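In what follows, a single structure is set out as structure tokens and then discussed.
The values are calculated or read from the model by the stated rules, or taken from the named source; none is laboratory data. The model shown is predicted, which means the values in this text are computed figures rather than measured ones. Positions of Cβ are generated from backbone atoms using ideal geometry, with glycine treated the same way; all protein chains shown enter the neighbour counts.
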Amino acid sequence: MNTPEAIRPAEAGPSARTSRSKGEPRFPDGPRPDPAGSHFERRIRSFQPRRSRVTTGQADALERLWPQWGLDIDGQRVIDLAELFGNPNPVVLEIGFGMGEATAQMAAADPDTNILAVDVHTPGQGNLLNLAEQGGLTNIRVGNGDAIILLREMLTPDSLDGLRVYFPDPWPKKRHHKRRLIQPEFLTLAATRLAPGATVHCATDWEPYAEQMLEVLDAHPAFENTSPGSGYAPRPAFRPLTRFEGQGLDKGHVVNDLLFRRVPDTNP
């Protein structure tokens, strides 16, 4: 899929290195390593921070744009989403955006929808900020930290118009299945923050995880399947075909999309 010039990723440059003393944050005005700290109870996390180099362009974007478009998920305040974005447009929460190419494309295609994109991958955060600036995409905010804390502590009831979870870590080993994000408890929490009629859109190329997603979503009273056959949905046109997904398809992977709607007047 051809990517518009305005939102192509920045050219990868040398690793960004700065001279700093021991204990000094890498990006003083950027995302913090552990924004929630020890304020909240320990729990099994569905994500695992990855270490990789931050390019010069990504570091520059983090330093310049984070104070304006970044959000540390510290769980210490409730967010006014209209104030965060500077407009009252509907807000979709995206959990896990990788390097941000698909997020930027969706934001460019639908400028009247705000996207709160959350991840813990520092290079991806910088890359998405870079893409947003290059494309003039003012409808993106980048969240750093645990999406569970964001949902539970920082968002108000019925404040979201959608939830996107694309290609989450499948945690393929059976002993790690408890780490998967799409679980009944997570859906119950998400339902309290999704407005009636809001859409939950998941996609995965790991078929056993797709089966689990379909099972738990079908069983949850707060959601109903929008697919006529009550199964998987065709990939909607608004979800771009990412490079990662294309590589999986070339290898014979099957990608499944799930589109569910928040049922009105449900008390999960």
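Identify the single condition in (1) at pLDDT 95 or above; (2) not in a strand (DSSP E or B) that residue 117 does not satisfy, given that it satisfies every other one. The one condition residue 117 does not meet is (2).
Of all positions in the stretch 162-180, at least one carries a residue that is within 20 Å of residue 83 (Cβ to Cβ), buried (at least 19 other Cβ atoms within 10 Å of the Cβ) and touching a residue at least 60 places away in the same chain (Cβ under 8 Å). Of all the numbered requirements in (1) in a strand (DSSP E or B); (2) in contact (Cβ under 8 Å) with a residue 60 or more places away in the chain, residue 149 misses one, and that requirement is (1).
All told, residue 141 meets the bar of being under 17 Å from the mean Cα position of the chain (by Cα) and among the basic types (Lys, Arg). May I ask you to verify whether residue 169 is assigned to a loop (DSSP other than H, G, I, E, B) and either within 25 Å of residue 78 (Cβ to Cβ) or of a type in the set (Lys, Arg) (or both)? Against the criterion (assigned to a loop (DSSP other than H, G, I, E, B) and either within 25 Å of residue 78 (Cβ to Cβ) or of a type in the set (Lys, Arg) (or both)), residue 169 does not qualify. Only a single item in (1) within 12 Å of residue 141 (Cα to Cα); (2) in a helix (DSSP H, G or I); (3) touching a helix residue (DSSP H, G or I) at 6+ places or on another chain (Cβ under 9 Å); (4) acidic (Asp, Glu) is not met by residue 60, and it is number (1).
Of all residues in the stretch 84-98, those being surrounded by fewer than 22 Cβ atoms within 10 Å (Cβ to Cβ) and either part of a loop (DSSP other than H, G, I, E, B) or aromatic (Phe, Trp, Tyr) (or both) number 8. From the residues in the stretch 65-83 that are touching a residue at least 24 places away in the same chain (Cβ under 8 Å), out of contact with any strand residue (DSSP E or B) (no Cβ under 7 Å at 6 or more places or on another chain) and assigned to a helix (DSSP H, G or I), which one is surrounded by the fewest Cβ atoms within 10 Å (Cβ to Cβ)? It comes out as 67.
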